[in-house]
Amino acid sequence: MAFSVSSQSNPYVDKIITATTALAAGDKDIFSGAGANCFIADMNNSNNAQHASYLKLYEGTNPTIGTTEPDLLLKAPKATRQTVTISDGISLGAALSFNLTKNPATSDQSNATNSVAVRIMAE
Amino acid sequence: MALTTTFTSNPVKTIIVNQTASTSAAGVGDNNVAGGPAYLISATIDNAQYGTVVYTKFYDAASATAGTDTAELILRGAASASKTYTFHPPLQFSSGISVVTTTTKGQAGTTAPSTPPAVTLILSESAS
């Protein structure tokens, strides 16, 4: 599980979080204890023609994957690159963590069959 | 709690669903709001009158009960604010769209907000 954070200089958003292969195990506490105001979530599920994938966003530093309920559940349909834009962003003030699973249930910890790239634009 | 669904006659067949007070009655909100399958273009959760975060849950089903059925989409409504989520491409619900709003997050939550937010959905009958 690997993500990168790149800072942008434009006035709209400050950071782009990129997970080239988002996993069920998740990426936690992206900003090391700082919160995030998320504007855009982009999920490229084009590699998975057989199933949708689900991005789960958590406000917290260490959600228990499979148990902790997510704050947002976003769906990328099968063989689809799905983008969700949020007006003025949605603030996860305590911290930002996320994971991606094959099914929407909170308990699900199955990885997508093929890689799903996730990008989150936040400030 | 007043739900209105407006079917427009324009060529893209936009459907506007407005619920003035989206809530959860023992896990049940508004079922099959578009009267059938539809594509979700945008969802506005107007929680400006309520100082508590809410969660609006969307089920691909003609009827659903929060805490029992599995939502396909869960959107967070900020406290004392209105948020609009826009989907590109529009998100398909092949069986129907059923909506519940709670103050408890995730799949399990069923607690109704004491001041339910207004939820407005812009839908389409087709993907384009």
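Quick note: the coordinates plus some simple rules give every number you see, no bench work behind them. If you're wondering where the values come from, they're calculated on a predicted model, not measured in any experiment. Note: ideal-geometry Cβ built from the backbone for every residue, glycine included; neighbour counts use all protein chains shown.
Where the only charges are on Cβ atoms (+1 Lys, Arg; -1 Asp, Glu), what is the dipole of the range B:1-88 about its Cα centre, to the nearest 20 debye?
Computed charge dipole of the range B:1-88: roughly 180 debye.
Taking R0 as 22 Å, what's the FRET efficiency between A:Ser110 and A:Val5 from their Cβ-Cβ distance, rounded to 0.05?
0.25
State the answer as a single residue: which of B:Ser94, B:Thr23, B:Leu121 lies farthest towards the positive end of the charge dipole of the range B:16-128, with beta carbon charges of +1 for Lys and Arg and -1 for Asp and Glu, about the Cα centre.
B:Thr23
Which log10 I(q)/I(0) values, to two decimals, does the range B:1-91 give at q = 0.23 Å⁻¹ under the Debye formula with one point per Cα?
-1.44
Let me confirm one metric for peptide A:98-108, namely the mean number of other chain beta-carbon atoms within 10 Å of its residues' beta-carbons.
Mean partner shielding for this stretch: 2.
For B:75-84, what's the mean count of beta carbons from other chains sitting within 10 Å of each residue's beta carbon?
4
Which distance in nm do the two modelled labels at B:Ser114 and A:Thr61 give, with both placed 7 Å along the Cα-to-Cβ direction?
So the two model labels end up 3.1 nm from each other.
Just list whichever of A:Lys78/B:Lys83; A:Lys56/B:Lys13; A:Lys78/B:Lys13; A:Lys102/B:Lys13 have alpha carbons separated by over 28 Å in the model shown.
From A:Lys78/B:Lys83; A:Lys56/B:Lys13; A:Lys78/B:Lys13; A:Lys102/B:Lys13, over 28 Å: A:Lys56/B:Lys13; A:Lys102/B:Lys13.
Could you tell me the relative contact order of chain A? Use alpha-carbon pairs under 8 Å, at least six residues apart, and round to a whole percent.
40 percent
May I ask you to list the trypsin sites (Lys or Arg not before Pro) in the range A:1-80 that are in a DSSP loop and have at most 15 other Cβ atoms within 10 Å of their Cβ?
Counting only loop positions with at most 15 other Cβ atoms within 10 Å, the trypsin sites (Lys or Arg not before Pro) in the range A:1-80 are A:Lys78.
Please give the average number of partner chain Cβ atoms lying within 10 Å of the Cβ of each residue in B:65-73, rounded to a whole number.
3
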